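Every number in this text was worked out from the coordinates using simple rules, so none of it is lab data. What you see is a predicted model, and the numbers here were worked out from it, not measured in a lab. Positions of Cβ are backbone-derived with ideal geometry, glycine not excepted, and every protein chain shown enters the neighbour counts.
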Amino acid sequence: MKATTRTVNGIEIINLQGKITIGAGDSQLREVITNALNSGKNNVLLDMSGVTTIDSSGIGELVGSYTTVTNRGGKLKLLHLPAKLNELLHVTQLITVFEVYENEPEALASF
Amino acid sequence: MERGGDSERIEITISSRFENIELVQVIAEHLCENAGVDEDGSHWVGMAVREAVANAIKHGNRLDLRKKVNATFDLRGDDLEITISDEGAGFDPGKVGDPLNPQNLMKTSGRGIFYIKTFMDEIHYSFNPGGGTSLVMTKNLGKGPGVATSKA
């Protein structure tokens, strides 16, 4: 997995690319979220458009990231959800947990 | 690989490395695609296989490289039966929590078997007395695409 970050209006936008699967990306996601929080960025927008594969471990890391950010008083939201990831969040009812946006300006305005 | 009439059997044995999961997943997806299943339908079967192999490596064999995971694919007509076997100590499927239970919703693990059940028609476990667990999953490939959507 590759992650590129930029900051807009104090919000950390993290663009994730590649696989978020067991042993390949799940721990990297945790690391990139920790780095954002450690640098004082408590509001995180994860751009998922480049995610090619995700499994239950990757979904678990997303949930863990959400909890970590929320516990720090911040917000974690998702942008550009690929259709298959959307399905995986739907069947586990996690879609009710995450705020999901298809449009970056709209997502940024929601924080 | 064996092929006869409208049946086909593929078997692969891998060592307990996460990097090998994709090998087995790809076989599942190609088998489905060759049987005429669309990209989405093949993906969801591949996803079920990925989760089953990951469980076998992590929870079954506990990443012990001396232990193997065996996968067999039996396609008879539209009926695909996939068996994933490990060399672990086994577990009690009844103790696996329901990830849809509100108290489990925010857990960071425990969704693998749920996904397998969602994407396949039937699953069952068998536990060998001498050790090792086999997960048998079946799917009728003639049921059409959109596995997850149809069950959501």
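Here are the numbers for the structure shown:
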{"item": "Global size of the protein assembly as shown as Cα Rg and Dmax, reported in angstrom", "result": "19.3, 64"}
{"item": "Separation in nanometres of the label points that stand 7 Å from Cα toward Cβ, at residue B:9 and residue B:105", "result": "4.7"}
{"item": "Estimated Rh, segment B:2-147: Kirkwood, alpha-carbon pairs, angstrom", "result": "15.6"}
{"item": "Ordering of A:96-102, A:43-49, B:86-92 by packing [mean C-beta count within 10 Å, highest first]", "result": "A:43-49, B:86-92, A:96-102"}
{"item": "Convex hull volume of chain A per residue (C-alpha atoms, cubic angstrom)", "result": "85"}
{"item": "Shielding score for A:85-96, defined as the mean number of other chain Cβ atoms within 10 Å", "result": "5"}
{"item": "Lysine pairs in segment B:2-147 with Cα atoms under 24 Å, if 8 or more residues apart or on separate chains", "result": "11"}
